[in-house]
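As structure tokens, the structure follows; a few thoughts come after it.
Bear in mind these aren't lab numbers, they're just calculated from the coordinates by the rules spelled out. Bear in mind that the values here come from a model prediction, so they are computed numbers and not experimental data. Positions of Cβ are generated from backbone atoms using ideal geometry, with glycine treated the same way; all protein chains shown enter the neighbour counts.
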Amino acid sequence: MNVLILGSGGREHALAWKLSQSSLCNRLYIAPGNAGTAMCGDNVAILPGDHEAIGRFVLSHDVDMVVVGPEEPLVKGLGDHFRSDEALSRVLFFGPGASGARLEGSKAFAKAFMEAYGIPTPAYRSFSCEQLEDGLAHIDSLGPPYVLKADGLAAGKGVVICDDRQEARDTLKEMLCEGLFGQASKTVVIEEFLRGRELSAFVITDGKHYVTLPQAKDYKRIGEKDTGANTGGMGTVSPVPFASKGLLEKIERRIIQPTISGLQAEGIPYCGFIFFGLMVKDNDPYVIEYNVRMGDPEAEVILPRISSDLLTLMEAACKGDLEGYHLDISRQYALCVMLASGGYPGEYDKGFEISTVDESPGRKLFYAGVKRTDNKLVTDGGRVMAVTAMDKDLEKARVIAYDMARQIDFKGKYYRRDIGKDLLTYI
Ligand code: AMP
Ligand code: GLY
């Protein structure tokens, strides 16, 4: 099979690395890719948003399957572009159409969906600019902290948590009526704040059946002990020691199963990943967000733990053949430390030369913001490189990952030193 992956981050390097190992994979293309994906296949200079150019490339290069990394092309209907075109509809497309992608593309839709199908999620109300006064009164009726979520995609920045009521009132007004997040915050969801432990769960589904992937814990804040600004993710661990069998069963029964049956009941076809962003409170799971893609850097710990062939699994999902599908998962821990450019998630400089370390089984580098110029690797983004170590012992995986993180060098390198540390107490 010839495969095209869309995207250019560490997640796409992990996908390219895993799919390139498949005996089914003939040619592998990544658009636009990065210096890491270029080691797994051929990078193609097309942006994931250019639906026409993607379609032309797929037909001219006999691509059999398209795998979409980021959410934006899905929310913007790339899947529908493929499924509605006679020639392109013969190509397997891994990712939902716009109707399914609304689970991530519209928080108000996702909340209403969960309400309709009895899926546990924090209480909420949604407001438009015309309903500003109602929204302000709603804030006044709540206690802090206040959780304000832009309805649409806002480059990962659309969730604002305020400790102060006046700040929450001002933010709501800016979001709804002053374009704080542009179109994305024309509608705002105000949600009950839940204090608990975060956990990410994942499935691959064909819309009727699903295969459960390993769960992961993400460290989202820039600073140690979960302080400072939110980022795309500064590290991950899989499996998560506090995710007991009982908790995983609750997640499956209360969240995963009703989500899949809800999609069917709504008549929404769905082939692809579903990423359940969960908050666990008193050992009960609640959905705080759906994503319609793999996580980044969750992919960098989950994909290395999948022993089975991922391309065979994705093909089965595209063909609606997931019933009874069995997946082999390594029992080892995978721990990923993200190396970032100094200043991220604020402003940072790029173009610094990177010196890397040797890889071996259990020691893997996934490139994110890395490009190759004049045969040198240079920094090209805020999150630069994901360092993943695997070991049956979590503490040992931490030692290996941090050993690599220390040795890799580029100007301004920053990383959190506490990835996975909190989890050692659960072992
Ligand atoms: P993101 O959606 O990735 O921008 O992240 C938003 C972050 O806000 C999540 O990772 C949680 O830590 C936090 N969050 C979102 N919703 C809630 C909620 N209802 N209660 C508590 N924390 C939340
Ligand atoms: N790491 C969180 C995400 O991919 O959304």
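Return the residue satisfying two criteria in turn: it lies in the stretch 152-209 and is among the aromatic types (Phe, Trp, Tyr) and within 30 Å of Arg253 (Cα to Cα), and of such residues it is farthest from the chain's Cα centre (by Cα).
Narrowing the stretch 152-209 to residues among the aromatic types (Phe, Trp, Tyr): 181, 193, 202.
Remaining after also requiring within 30 Å of Arg253 (Cα to Cα): 193, 202.
Working: Phe193: 22, Phe202: 10 Å.
Among those residues, the one meeting the criterion is Phe193.
Filter the strands (runs of 3 or more DSSP E) completely within the stretch 118-214 down to those with at least 2 residues that are buried (at least 22 other Cβ atoms within 10 Å of the Cβ).
Working: elements: 124-128, 146-150, 159-162, 187-191, 197-205.
Those strands (runs of 3 or more DSSP E) span 146-150, 187-191, 197-205.
Find the residue count for the stretch 22-76, including only residues that are free of Cβ contacts under 8 Å to residues at least 24 places away in the same chain and either assigned to a loop (DSSP other than H, G, I, E, B) or not small (Gly, Ala, Ser) (or both). Matching residues across the stretch 22-76 total 9. When Phe109 is tested against (1) outside any loop (DSSP other than H, G, I, E, B); (2) among the hydrophobic types (A, V, I, L, M, F, W, C); (3) touching a strand residue (DSSP E or B) at 6+ places or on another chain (Cβ under 7 Å), just one condition goes unmet, and that condition is (3). The set of residues from the stretch 270-310 being more than 16 Å from ligand 2 (Cβ to nearest atom), out of contact with any helix residue (DSSP H, G or I) (no Cβ under 7 Å at 6 or more places or on another chain) and part of a loop (DSSP other than H, G, I, E, B) comprises Asp282, Ser307, Ser308, Asp309. Could you list, in sequence order, all residues of the stretch 224-237 that are away from ligand 2 (no atom under 12 Å from the Cβ) and either part of a loop (DSSP other than H, G, I, E, B) or of a type outside the set (Val, Ile, Thr) (or both)? Hits for the stretch 224-237 are Glu224, Lys225, Asp226, Gly228, Ala229. Criterion applied to Arg90, Arg83 was being away from ligand 1 (no atom under 16 Å from the Cβ), within 25 Å of the chain's Cα centre (by Cα), surrounded by fewer than 17 Cβ atoms within 10 Å (Cβ to Cβ) and within 25 Å of Ala16 (Cα to Cα), and the one residue passing it is Arg83.
With respect to the conditions (1) in contact with a strand residue (DSSP E or B) (Cβ under 7 Å, 6 or more places away or on another chain); (2) more than 14 Å from ligand 1 (Cβ to nearest atom); (3) of a type outside the set (A, V, I, L, M), Gly228 lacks only one, and its number is (2).
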